[in-house]
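Written out below as C-alpha cells is the structure these notes cover.
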Amino acid sequence: MALNLGVIGTGAIGREHIRRCSKVLVGAKVVAVNDINHQSAVDVITSLQLDAQVYDDAHELVKASNVDAILVTSWGPSHEEFVLAAIAAGKPVFCEKPLAVTAAGCKRIVDAEIKHGKRLVQVGFMRPFDRGYRALKEVIDSGEIGEPLMLHCAHRNASVADTYSTDMAIVDTLIHEINVLSWLLDDDYRTVQVVFPRKTSKALAHLRDPQVVLFETHKGTRIDVEVFVNCQYGYDIQCEVVGETGIARLPEPSSVQTRSQARLSTSILTDWKDRFIEAYDIELQAFIHDLAAGELTGPSAWDGYTAAVTSDACILAQKSGQIVPIELPQRPAFYAR
Ligand code: NAI
Ligand code: ISE
C-alpha cells in the first residue's frame with residue numbers, strides 16, 4: 001500500500017521532491033501540501049495534476065488522518081517547529097537540511113525523538129547517496145590509497161540570491177561537506193579555521209566570497225574546503241583524497257565529451273538539482289522503503305545535530321579568524337551507526 005505524504009513548503013526543492021515522489025519513485029504518493037504562499041501550493045498540484053489537498057495550516061496537515069509521513073521543505077527557520085509537530089503526532093518526517101538553524105534546536109528534536117522511543121526523522125543530506133561519493137568511500141575503505149592524510153574540496157555555485165549572506169556559506173552550503181566528509185572518512189572534526197582570500201568582484205558588497213574552511217579531524221586528517229558561491233562558470237563539487245599511497249578523486253558527473261571546432265570539451269552542470277538528481281531520488285526512495293520495512297536507516301537527527309554543532313564552530317571561526325575547537329557530544333546508543 002502506498003505511503004501517503006504531506007509536504008510543507010512548495011518552493012524549489014519542495015516541488016522537486018513532490019515531482020519525484022509522485023512521478024519517479026515507487027511506494028508513495030503526495031496527498032497533502034502546504035505553503036505560506038497558498039498559490040504556490042495550488043500551482044504545484046495543478047502543474048503535476050495531483051489529487052492532493054491544499055492545507056493553509058501546516059499543523060492541520062501534520063495531524064490529517066490520511067497523512068502517514070511528512071516532508072519538510074520550507075525555509076530552514078521553520079524546520080524545527082514542523083519536525084517537532086510530526087514527532088508529537090508520532091509520524092515519520094523527512095526534513096531538508098538544516099534540521100534546525102541552531103544546535104539547540106536540533107538537540108530539542110533529538111530529545112523528542114529519543115523520548116518517542118523509535119527513529120522518526122531522516123535529514124535531507126543526500127550526498128552519502130550519491131554514486132560518486134559512494135565509489136570514493138569504497139576506494140578509501142578498501143585501503144587502496146592507504147590512510148587519508150589530506151582532502152582538497154570545493155563547493156562552487158555559479159551565483160546566489162541577493163539575500164545570501166556570509167554565514168549562509170556555512171549553514172546552507174558547507175553543511176553538505178560537513179555531513180559527507182565525516183561519513184566518507186568515518187572520523188569526526190576536532191578544529192576549524194576560516195580564511196578569506198581576495199574577494200571576487202562578482203559578489204555583492206555584504207558577502208565575503210570565496211572563503212576557505214580548514215578542518216582537522218580527530219585522526220589528524222587535514223581538510224580544506226573552498227566555498228565559492230559566485231564562481232560564474234557552473235555548479236561544481238570537487239573532492240580529492242590524498243592518501244599514504246595514492247590519490248582518489250570524486251568522479252565528474254557523466255556528460256558527453258565532444259570534439260568539435262578544434263576543441264575537446266565536456267560541459268559542466270549549472271544547477272544542484274541536476275548534479276544530485278539521482279542522489280535525491282535514492283535518498284527519498286530509501287526513506288519510503290525503510291518506512292515500509294519498519295526502520296529508518298538514512299541520515300539521522302543526530303547527524304543533523306552534529307552538523308549544526310560543527311557549523312556553529314565554523315561561524316565562530318569566520319568571525320574570530322581563530323582556530324576554534326569543535327566539541328561533539330557523545331553519540332547515544334539510540335543513534336548507533
Ligand atoms: P524556496 O525559497 O525556493 O522554497 C521554500 C518554500 O517554503 C517557499 O515556497 C516558502 O513560501 C515556503 N515556506 C517558508 N516558510 C514556511 C512556513 N513556515 N510554512 C509553510 N511554508 C513555508 O527554498 P528552497 O531552495 O526550496 O529551500 C528549502 C529548504 O530546502 C531549505 O532548508 C534549503 O536549505 C533546503 N535545500 C536543500 C537542498 C539540498 O541539496 N539538499 C537544495 C536546496 C534547498
Ligand atoms: C542549497 O541550499 C543547497 O543545499 C545546495 O545543495 C547547495 O549546493 C547550495 O549551495 C545551497 O544554497
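The values are calculated or read from the model by the stated rules, or taken from the named source; none is laboratory data. Quick caveat, the model's predicted, so the values are computed rather than measured. Positions of Cβ are backbone-derived with ideal geometry, glycine not excepted, and every protein chain shown enters the neighbour counts.
Given the structure, is residue 67 over 17 Å from residue 96 (Cα atoms) and of a type in the set (Val, Ile, Thr)?
So residue 67 passes the test.
Among the numbered criteria (1) surrounded by fewer than 23 Cβ atoms within 10 Å (Cβ to Cβ); (2) in contact (Cβ under 8 Å) with a residue 12 or more places away in the chain, which one does residue 5 miss?
Here residue 5 clears every test but (1).
Among the residues of the range 3-60, write down those that are within 16 Å of ligand 2 (Cβ to nearest atom) and basic (Lys, Arg).
Residues satisfying the conditions are 15, 20.
Of everything in the range 78-108, what is among the aliphatic types (A, V, I, L, M) and either under 17 Å from the mean Cα position of the chain (by Cα) or surrounded by fewer than 17 Cβ atoms within 10 Å (Cβ to Cβ) (or both)? Give them in sequence order.
Within the range 78-108, 83, 88, 89, 93, 99, 100, 101, 103, 104 meet the criteria.
Going by the structure shown, is residue 267 of a type in the set (Gly, Ala, Ser), over 20 Å from residue 19 (Cα atoms) and at pLDDT below 95?
In short, yes.
Restricting to the range 69-102, name every residue that is among the hydrophobic types (A, V, I, L, M, F, W, C), modelled with pLDDT of 95 or more and closer than 21 Å to residue 167 by Cβ.
75, 95, 99, 100
Restricting the search to the range 241-257, which residues are surrounded by fewer than 18 Cβ atoms within 10 Å (Cβ to Cβ) and assigned to a strand (DSSP E or B)?
Result: 242, 247, 249, 257.
Being aliphatic (A, V, I, L, M) and assigned to a loop (DSSP other than H, G, I, E, B) is the filter here, so list the residues in the range 2-42 that pass it.
Result: 2, 25, 26, 36.
Hey, among the residues in the range 241-270 that are out of contact with any Leu (no Cβ under 7 Å at 6 or more places or on another chain) and within 30 Å of residue 217 (Cα to Cα), which one's farthest from ligand 1 (Cβ to nearest atom)?
Only one residue tops the list, namely 245.
Sort through 187, 209 and tell me the only one that's touching a Lys or Arg at 6+ places or on another chain (Cβ under 8 Å) and surrounded by fewer than 19 Cβ atoms within 10 Å (Cβ to Cβ).
Of 187, 209, the one residue that is touching a Lys or Arg at 6+ places or on another chain (Cβ under 8 Å) and surrounded by fewer than 19 Cβ atoms within 10 Å (Cβ to Cβ) is 187.
Just to be sure before I move on: is residue 115 part of a helix (DSSP H, G or I), of a type outside the set (Ser, Thr, Tyr) and more than 20 Å from residue 272 (Cβ to Cβ) in the structure I sent?
yes
Report whether or not residue 12 is exposed (fewer than 14 other Cβ atoms within 10 Å of the Cβ), within 16 Å of ligand 1 (Cβ to nearest atom) and under 18 Å from residue 95 (Cβ atoms).
Answer is yes for this residue.
So, in the range 61-93, exactly how many residues are closer than 24 Å to residue 290 by Cα, hydroxyl-bearing (Ser, Thr, Tyr) and within 16 Å of ligand 2 (Cβ to nearest atom)?
2
Does residue 304 satisfy the criteria of being in contact with a strand residue (DSSP E or B) (Cβ under 7 Å, 6 or more places away or on another chain), in a loop (DSSP other than H, G, I, E, B), surrounded by 15 or more Cβ atoms within 10 Å (Cβ to Cβ) and not aromatic (Phe, Trp, Tyr)?
no
Looking only at residues that are free of Cβ contacts under 8 Å to residues at least 40 places away in the same chain and of a type outside the set (S, T, N, Q) in the range 151-184, which one is farthest from ligand 2 (Cβ to nearest atom)?
Per the criteria, the residue is 161.
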